[in-house]
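Below: one structure, written as structure tokens.
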Amino acid sequence: MPGTARVEIRTLKVGRYVAIEDSAYKVLSISKSKPGKHGSAKARLELENLFTKQKRSHVGTVTDTIHVPILEKGSAIITHLQGEEVHAMDTKTYASLILPIDTSMKLDPGGEIQWVEAMGRYKITRDH
């Protein structure tokens, strides 16, 4: 999967991210069981989609590997709003960004936002 790395499930911690079926998920909780007579220890991950907030779970052995998305974060200045998109300029690279609008935030041209990118998708995480 492009934009990801692989790690063992046993190394994951709450608050980290995993990639399943081309979506990035935040780990909400991890529960591990002891190894049984005929099998290895299992881990149950409770996950929340980074972009849609949809919840799901994933079960696997603690030695299984899972994809972890490589997140990129930054800040940007809003240049203008157009329909359902926010046009902004990255404060470090001066690159133009087109982000989906978040209706729960107060966004005004000239304002600063924090953004996160995972697996080619962008999200506004905070407005200033």
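For the criterion of being within 30 Å of residue 111 (Cα to Cα), more than 19 Å from the chain's Cα centre (by Cα) and not basic (Lys, Arg), residue 41 fails.
In this structure, is residue 39 in a loop (DSSP other than H, G, I, E, B), exposed (fewer than 14 other Cβ atoms within 10 Å of the Cβ) and assigned by TED's automatic domain parsing to the domain that holds residue 10?
Details: in a loop (DSSP other than H, G, I, E, B): yes; exposed (fewer than 14 other Cβ atoms within 10 Å of the Cβ): yes; assigned by TED's automatic domain parsing to the domain that holds residue 10: yes.
For residue 39, the condition - in a loop (DSSP other than H, G, I, E, B), exposed (fewer than 14 other Cβ atoms within 10 Å of the Cβ) and assigned by TED's automatic domain parsing to the domain that holds residue 10 - is met.
When residue 82 is tested against the conditions (1) exposed (fewer than 13 other Cβ atoms within 10 Å of the Cβ); (2) outside the structural domain of residue 103 (by TED's automatic domain parsing), the lone failure is (2). Of all the listed residues (27, 14, 7, 59), the sole one being in contact with a strand residue (DSSP E or B) (Cβ under 9 Å, 6 or more places away or on another chain), in a loop (DSSP other than H, G, I, E, B) and of a type outside the set (Asp, Glu) is 14.
Residue-by-condition table, conditions (1) within 17 Å of residue 127 (Cβ to Cβ); (2) touching an Asp or Glu at 6+ places or on another chain (Cβ under 7 Å):
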site	(1), (2)
15	no, no
35	no, no
45	no, no
68	no, no
72	no, yes
83	no, no
97	yes, yes
113	yes, yes
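Within the range 62-79, no residue that is assigned by TED's automatic domain parsing to the domain that holds residue 8 and of a type in the set (Phe, Trp, Tyr) sits with its Cβ atom under 6 Å from a residue that is buried (at least 16 other Cβ atoms within 10 Å of the Cβ) and assigned to a strand (DSSP E or B) at 6+ positions apart or across chains.
When you go through 111, 120 one by one, which is the residue that is loosely packed, with under 13 Cβ neighbours inside 10 Å and in contact (Cβ under 8 Å) with a residue 24 or more places away in the chain? Selected residue: 120, the only one of 111, 120 that is loosely packed, with under 13 Cβ neighbours inside 10 Å and in contact (Cβ under 8 Å) with a residue 24 or more places away in the chain. When the range 86-110 is filtered for residues that are of a type in the set (S, T, N, Q) and modelled with pLDDT under 90, the ones remaining, listed by number, are 103, 104. Within the range 46-56, track down each residue that is out of contact with any Lys or Arg (no Cβ under 9 Å at 6 or more places or on another chain) and not in a loop (DSSP other than H, G, I, E, B). 55, 56, listed by residue number.
Sort through 3, 60, 83 and tell me the only one that's of a type outside the set (Val, Ile, Thr) and modelled with pLDDT of 90 or more.
Values: 3 fails: modelled with pLDDT of 90 or more; 83 fails: modelled with pLDDT of 90 or more.
It is 60.
Scan the range 64-89 for residues that are under 17 Å from residue 5 (Cβ atoms) and not hydrophobic (A, V, I, L, M, F, W, C) and jot them down. Quick ask: steps written out before the conclusion?
Restricting attention to the range 64-89, the residues satisfying the condition of being under 17 Å from residue 5 (Cβ atoms) are 64-73.
64, 65, 67, 69, 72, 73 - these are the residues of the range 64-89 that are under 17 Å from residue 5 (Cβ atoms) and not hydrophobic (A, V, I, L, M, F, W, C).
The values are calculated or read from the model by the stated rules, or taken from the named source; none is laboratory data. Given the structure is predicted, the values throughout are model-derived calculations rather than measurements. Reconstructed Cβ throughout: ideal geometry from the backbone, glycine too, with neighbour counts over all protein chains shown.
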